[in-house]
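Reviewing the structure listed below.
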Amino acid sequence: MATFTGGCLCGRVRYSTDAAPVFSGVCHCRDCQRATGSAFAPVLAFPKAEVRVEGALTTYQGTGDSGKPIWRSFCPNCGSGVHDEVAVMPGVLMILAGTLDDPALMQPTMEIYCSSAQPWVSLAGERKRFAKMPG
Ligand SMILES: [Zn+2]
Ligand SMILES: [Zn+2]
């Protein structure tokens, strides 16, 4: 039984991993707001090589603040965003934590792009907050 399991809304895409998260955080950037249709993206990052993903995903390539690519992968059937990758962090797969079977397993330790956080969003608990990306 893997530690972290999850999948898209329709169930065609499933993933699992026993790896420990590399980091976990909440991104308030405008691109994550648009891509998720929500106020922020809760992200749980793992070593990509240690995450098993089953089912076909479609990937949208955008450009991050770094000027380098960001790949957002979603289920082509139900549209759920499942994971993101960024060129500046090779080998890291960022799972969108709302897709976890047990989302309570995520304990975010930081919030990034707080400069574009919605004013009505105030998350409980203490964590590091960055206006944009951590240095
Ligand atoms: Zn789906
Ligand atoms: Zn973002």
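The values are calculated or read from the model by the stated rules, or taken from the named source; none is laboratory data. Source: prediction; values computed, not measured. Glycine gets a Cβ as well: all are built from the backbone with ideal geometry, and neighbour counts include every protein chain shown.
Comparison of Ala45, Ala39, Ala20 shows that the only residue that is modelled with pLDDT of 95 or more and either crowded, with 18+ Cβ neighbours inside 10 Å or among the aromatic types (Phe, Trp, Tyr) (or both) is Ala45. In segment 112-134, the residue that is nearest to ligand 2 (Cβ to nearest atom) out of those that are in contact with a helix residue (DSSP H, G or I) (Cβ under 9 Å, 6 or more places away or on another chain) and part of a loop (DSSP other than H, G, I, E, B) is Tyr113.
Checking each residue in segment 62-104 for being out of contact with any helix residue (DSSP H, G or I) (no Cβ under 7 Å at 6 or more places or on another chain), part of a helix (DSSP H, G or I) and away from ligand 1 (no atom under 15 Å from the Cβ) picks out only Ala104. Of all residue pairs spaced 6 or more apart or on separate chains, those with beta-carbon atoms under 9 Å, a first member in segment 102-115 that is on the phi > 0 side of the Ramachandran plot and a second member that is buried (at least 19 other Cβ atoms within 10 Å of the Cβ) and part of a helix (DSSP H, G or I) are Tyr113/Cys32. Look through segment 20-61, keep the residues that are among the hydrophobic types (A, V, I, L, M, F, W, C) and within 16 Å of ligand 1 (Cβ to nearest atom), and return whichever of them is farthest from Ala124 (Cα to Cα). Of everything passing the filter in segment 20-61, Ala56 is farthest from Ala124 (Cα to Cα). Within segment 121-135, track down each residue that is in contact (Cβ under 8 Å) with a residue 24 or more places away in the chain and exposed (fewer than 12 other Cβ atoms within 10 Å of the Cβ). Pro134 - this is the single residue of segment 121-135 that is in contact (Cβ under 8 Å) with a residue 24 or more places away in the chain and exposed (fewer than 12 other Cβ atoms within 10 Å of the Cβ). Consider segment 87-120 and keep the residues that are more than 24 Å from Phe4 (Cα to Cα) and polar (S, T, N, Q). The one that is surrounded by the most Cβ atoms within 10 Å (Cβ to Cβ) is Ser116.
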